[in-house]
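Here the structure comes first, spelled out in structure tokens, and everything after it is commentary.
The values are calculated or read from the model by the stated rules, or taken from the named source; none is laboratory data. For clarity, every value in this text was computed on a predicted model and none was experimentally measured. Because the Cβ atoms are built from the backbone with ideal geometry, glycine has one as well, and the counts that use them run over all protein chains shown.
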Amino acid sequence: MDTIVKDYKYNPRANRLCSMMRAKDDLPQDVSESVETLDQALQDANYITARKLTTELTTSSELDTVLELLTRYAKSQPQATELLVEVLDATGTVRRFAAGALLDQTAVDDVSQDALISIADSVDSYDGRSKVTTWVHTIVRRRVVDHLRRQRSTVPLEDHDMSPAARMSSIIATRATVHEALEALPDLYKVPVVLRDIEGHAYANIAERLDRPEGTIKAQIARGRAMVAAHLRDTGVTE
């Protein structure tokens, strides 16, 4: 805590974390204790407890606090990234932002998934200068622009104009390298990605088949897609 206070004036992320920690004093005791327990669970990589606490806290109007903690740990723990995406999906945060800019519900679904992929892939870029929800809104807005650009365009899109999901779908259809990228995924992510993107199963069907919550499936697919995209960039297939 002393280190955070010392850096308070100079480090935007330390600024926000310090404010968040001080804000615990203003919370009801049971909520404050839950926040501290969640912090400890994430530190210990105890994701059974962390998942339970995130559900409790997000229904207690502590979404910003939960997202701040998850984003902090997501930089070093893939499971925290998965849980972050799961919370953003379960609370409707991403979908609400997308629905505010689009009327077509299919487009809202597509943009929401694109945004979740981008969030999983770029969590390291969050610098703490704003709320996590503000950062998320910026990502969703970019994916909305991508979608509208594709809708207006009558010529094939360049790769840089395509969303991560659209780019991955194109690569799957044209490049055998994707098979290698998929095979490199841990089974935790590979199986749901293959079921969704290769075999075309609905999220609900995948959740039932794998006996996992649907929110977890969406988070794992988003994480898996991001890992595939990173693999393809590393091998020079995409930029």
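Within region 207-222, does at least one residue satisfy the condition of being out of contact with any helix residue (DSSP H, G or I) (no Cβ under 6 Å at 6 or more places or on another chain), more than 20 Å from ASP89 (Cα to Cα), without any contact (Cβ under 8 Å) to a residue 12 or more places away in the chain and not in a loop (DSSP other than H, G, I, E, B)?
No, there is no match, as no residue in region 207-222 is out of contact with any helix residue (DSSP H, G or I) (no Cβ under 6 Å at 6 or more places or on another chain), more than 20 Å from ASP89 (Cα to Cα), without any contact (Cβ under 8 Å) to a residue 12 or more places away in the chain and not in a loop (DSSP other than H, G, I, E, B).
Just to be sure before I move on: is VAL31 under 30 Å from LYS190 (Cβ atoms), modelled with pLDDT of 50 or more, of a type in the set (A, V, I, L, M, F, W, C) and assigned to a helix (DSSP H, G or I) in the structure I sent?
no
Which ones in region 63-105 are hydroxyl-bearing (Ser, Thr, Tyr) and closer than 27 Å to LEU188 by Cα? First the steps, then the outcome.
Keep residues of region 63-105 that are hydroxyl-bearing (Ser, Thr, Tyr), which gives 65, 71, 73, 76, 81, 91, 93.
Result: THR71, TYR73, SER76, THR81, THR91, THR93.
Residues being under 12 Å from the mean Cα position of the chain (by Cα) and among the aromatic types (Phe, Trp, Tyr): count how many of those fall in region 61-117.
Step one: list which residues in region 61-117 are under 12 Å from the mean Cα position of the chain (by Cα), which gives 67, 70-71, 74-75, 78-90, 93-94, 112-117.
With the extra rule that they be among the aromatic types (Phe, Trp, Tyr), the set shrinks to none.
Final tally of qualifying residues: 0.
Among the candidates LEU17, LEU38, LEU63, LEU70, which residue alone is on the phi < 0 side of the Ramachandran plot, modelled with pLDDT under 50 and crowded, with 17+ Cβ neighbours inside 10 Å? Steps first, please.
Working: LEU38 fails: modelled with pLDDT under 50; LEU63 fails: modelled with pLDDT under 50; LEU70 fails: modelled with pLDDT under 50.
Sole residue among the options that is on the phi < 0 side of the Ramachandran plot, modelled with pLDDT under 50 and crowded, with 17+ Cβ neighbours inside 10 Å: LEU17.
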